[in-house]
1. If each of D195 and Y143 carries a label point 7 Å out from its Cα toward its Cβ, how far apart are those two points in nm?
2. Could you please report the charge total around N242, scoring K, R as +1 and D, E as -1 over all other residues with beta-carbon less than 15 angstrom from its beta-carbon?
3. Under a crude label model (7 Å from the Cα following the beta-carbon direction), how far is Y107 from F48 in nanometres?
4. I'd like to know how the range 47-255 sits against the 2.2 N^0.38 Å rule of thumb: what's its Cα Rg over that expected value?
5. Tally Lys/Arg at +1 and Asp/Glu at -1 over every other residue whose Cβ is under 9 Å from the Cβ of G82; what's the total?
6. Can you count the Lys pairs in the range 47-255 whose Cα atoms are under 28 Å apart, with each pair 8 or more apart or on different chains?
7. Residues with beta-carbon under 15 Å from that of S198, excluding S198: net charge, scoring Lys, Arg +1 and Asp, Glu -1?
8. Taking 22 Å as R0, compute the FRET efficiency from the Cβ-Cβ separation of D184 and W60 and round it to 0.05.
Amino acid sequence: MRKSVAAIMVAGAAVFAGPAFAADLPSYPPIIEVPELPPVDKDLGGAFYLRGSAAWNIHWTKDVDAYDCVCDEVSFPVEDWGYGYSFGGGFGYETGTGLRFDATVDYLQNEGSSITKTGFGAGVDGDYSLKLRSTIALANVYYDFSLGDGFGGYGHHKGYSAGGGAFAYVGAGAGVAFNKVSVDGPAGNPIPGGDNVSLAAAGMVGVGYDFGAFTTDVGYRGLYISEVTNDQPAPAGFSSDNNFVHEVRGTVRYKF
């Protein structure tokens, strides 16, 4: 009898305690709240790049210093501009905020700049044409800005980014030019060639399109070379200061 009463009491306690204990257990499966992560900004971000360029150019300088028959230096006005081309490559980094930097090396060829000597007699009078071969090494900085509506890959009012689309740019560079100069003169008056190293600088402006991994652009580069000379003594020396090379230039960049 006692055992029966004890069993009934235990069963009754279980009936009343069971719901209270179950109320304290967590629901299944448990709900875990994960804080929302901020969206990833895919538009802005830096990238290294390789570049290759090709250009058509014209060369202009005001005059060429040469020598008369008694070896006095005389300035002769340039009558014809020179024409040529250039090509080269480089390595750089774009920050994703509009600024980018690169170092470039270009090979430049130009010929046709000419002067005319008169009044010095046979063998000296005539047309002299200059040929220029230069290796141009420059450190450059650019700023790219969107030509879109400020949305899409460029972000809202954030300027240029790596997201893609049409853009324009301005830039400047400074460095050195390794020049090799030859001169074609009248028959019977050969002029030896020579070379020199000179300061160089550049200004750039253009438009382009960013496809993502590849970017293309076309623009103008004004190249300044402080001195071009065949570095020969009188009477064979020819030199020109303040040389300007105007280029229409196309470029392809690969980002990685």
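Taken together, the values in this text are just the output of simple stated rules run on the coordinates, not laboratory data. Nothing here was measured: the structure is a model prediction, and the numbers come from that model. Every residue, glycine among them, receives a Cβ derived from its backbone with ideal geometry; neighbour counts consider all protein chains shown.
1. Label-label distance for D195 and Y143, simple model: 3.8 nm.
2. Value of the local net charge: -3.
3. Using points 7 Å along Cα→Cβ, the separation is 2.5 nm.
4. In units of the 2.2 N^0.38 Å rule of thumb, it is 1.25.
5. Taking every Cβ under 9 Å from that of G82, the sum is -1.
6. The result is 7.
7. For residues surrounding S198, the net value is -4.
8. Result of the calculation: an efficiency of 0.75.
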